[in-house]
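The values are calculated or read from the model by the stated rules, or taken from the named source; none is laboratory data. For clarity, every value in this text was computed on a predicted model and none was experimentally measured. Here Cβ is always computed from backbone atoms with ideal geometry, including for glycine, and neighbour counts include all displayed protein chains.
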Amino acid sequence: MIARLLLPLVLLATGTVHADASRLLSAGSSVTELVFALDAGQHLVAVDSTSALPQDSELPRLGYHRQLSAEGILSTQPTLVIGSDEMGPPTTLKLIRQAGIQVASLPEAMSIAELQTNITHLGELLDRTKQAAQLHQQINTRAQALNTKIEQPKRTIFLLIGDGATVQIAGRNTLADAMIATAGGTNPAIEQVEGYKPVAMETIVAMAPEVILVSRRHLTDTLDDNALFKQFPLLRQTPAADHNAIVPINGKALIGGFGLSTLSEAERLHQNWLSH
């Protein structure tokens, strides 16, 4: 945790605050949304596949942010490559630096406070300190609204559903858990699991989740909750199934650290729980 908080200071001290961001390549959903929020989107020359873009954008996408190719990056002639600390692989970043292109990474934020730290650093890096100050104020206001206490915090889990019948649950030190906590819920998986781990359906039933979060993409692919229950029938035995509380969320909000979309998902959950 201390290393995560200190990294922005290290980057600033090494001079990346003076980066040439005239041709910017952004890798990581949470980083790209901050670039747009700081009114620097016009400098983007490419993004990774996880990044959300305006519908009319024709920016090239260069693959998954953890599996970028040096050839693809160099073809866009960026002056600065910016991403989360999940950006990689390291061999690609080394080649980019050897080509004389500056590379900067933001630590993976796991809270609103750490998101604010990243905004400060990115504002300096992109020469957008005024916009960063305005964004800070907006987020502070939103964070204060999240302080409204949920009288009965919902037992909430996030399931990462893969191909076939594979399921992983989000435990301690995951962005999904941070989002649940920010929204005012509790994650029973943290008592047994750290990170994302495969889990038996019987274990999920024993956790008695009142809310089950699933990537919106998965629920779209499977059409509806009934298809999910057909694939995993034991989920019908949870309180979440009894109360029709299988909740789709934006999976990109859980990539690259706590970002603006993560905050939006936490707000949506919080408001729903306040009204129920």
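List the helices (runs of 4 or more DSSP H) that sit entirely inside segment 1-117 and contain at least 3 residues that are at pLDDT below 95.
On the way: elements: 2-13, 29-37, 70-75, 90-98.
The qualifying helices (runs of 4 or more DSSP H) are 2-13.
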Step by step: first the residues of segment 176-186, then only those that are of a type in the set (V, I, T) and either under 18 Å from the mean Cα position of the chain (by Cα) or in a loop (DSSP other than H, G, I, E, B) (or both), then the one that is nearest to A240 (Cα to Cα). Which residue is that?
I180
Are there any pairs, at least 6 apart or on different chains, whose C-beta atoms fall under 7 Å, with the first in segment 257-276 and more than 15 Å from L115 (Cα to Cα) and the second surrounded by fewer than 20 Cβ atoms within 10 Å (Cβ to Cβ) and modelled with pLDDT under 95, and if so, which?
W273/I150; L274/T148; L274/I150
Read through the list (1) under 20 Å from the mean Cα position of the chain (by Cα); (2) assigned by TED's automatic domain parsing to the domain that holds A245; (3) of a type outside the set (G, A, S), then give the number of the only condition that I139 fails.
(2)
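Output the residue which, of all residues in segment 160-171 that are part of a loop (DSSP other than H, G, I, E, B) and not hydrophobic (A, V, I, L, M, F, W, C), is modelled with the highest pLDDT.
So, considering only residues that are part of a loop (DSSP other than H, G, I, E, B) and not hydrophobic (A, V, I, L, M, F, W, C), the one modelled with the highest pLDDT is G171.
Scan segment 187-203 and tell me whether some residue there is in contact (Cβ under 8 Å) with a residue 40 or more places away in the chain, closer than 19 Å to G257 by Cβ and not in a helix (DSSP H, G or I).
No, the conditions are met nowhere in segment 187-203.
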Assuming T182 fulfils every condition listed in (1) in contact with a Leu (Cβ under 7 Å, 6 or more places away or on another chain); (2) hydroxyl-bearing (S, T, Y); (3) closer than 23 Å to R236 by Cβ apart from one, which condition is it?
(3)
Can you pull out every residue in segment 119-159 that is touching a Ser or Thr at 6+ places or on another chain (Cβ under 8 Å) and in a helix (DSSP H, G or I)?
G123, L125, A132, H136
Scanning segment 78-117 for residues that are closer than 25 Å to Q137 by Cβ, surrounded by 23 or more Cβ atoms within 10 Å (Cβ to Cβ) and more than 13 Å from the chain's Cα centre (by Cα) gives I82
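Within segment 160-175, restricting attention to residues that are more than 15 Å from the chain's Cα centre (by Cα) and touching a residue at least 12 places away in the same chain (Cβ under 8 Å), which residue is nearest to E114 (Cα to Cα)?
Start the filter on segment 160-175 by keeping residues that are more than 15 Å from the chain's Cα centre (by Cα), which leaves 161-169, 171-172.
The next check asks that each one be touching a residue at least 12 places away in the same chain (Cβ under 8 Å); those that pass are 161, 165-169, 171-172.
Numbers: I161: 28, A165: 35, T166: 32, V167: 29, Q168: 26, I169: 24, G171: 20, R172: 17 Å.
Checked segment 160-175; the qualifying residue nearest to E114 (Cα to Cα) is R172.
Looking at segment 123-135, can you tell me whether even one residue there is in contact (Cβ under 8 Å) with a residue 24 or more places away in the chain, in the same structural domain as S26 (by TED's automatic domain parsing), on the phi < 0 side of the Ramachandran plot and surrounded by fewer than 17 Cβ atoms within 10 Å (Cβ to Cβ)? Please lay out each step first, then the result.
From segment 123-135, those in contact (Cβ under 8 Å) with a residue 24 or more places away in the chain are 123-128, 131-132, 135; that's our starting set.
Still in the list and also in the same structural domain as S26 (by TED's automatic domain parsing): 123-128, 131-132, 135.
Narrowing the set further to residues that are on the phi < 0 side of the Ramachandran plot leaves 123-126, 128, 131-132, 135.
Now drop any that are not surrounded by fewer than 17 Cβ atoms within 10 Å (Cβ to Cβ), which leaves none.
No: segment 123-135 contains no residue that is in contact (Cβ under 8 Å) with a residue 24 or more places away in the chain, in the same structural domain as S26 (by TED's automatic domain parsing), on the phi < 0 side of the Ramachandran plot and surrounded by fewer than 17 Cβ atoms within 10 Å (Cβ to Cβ).
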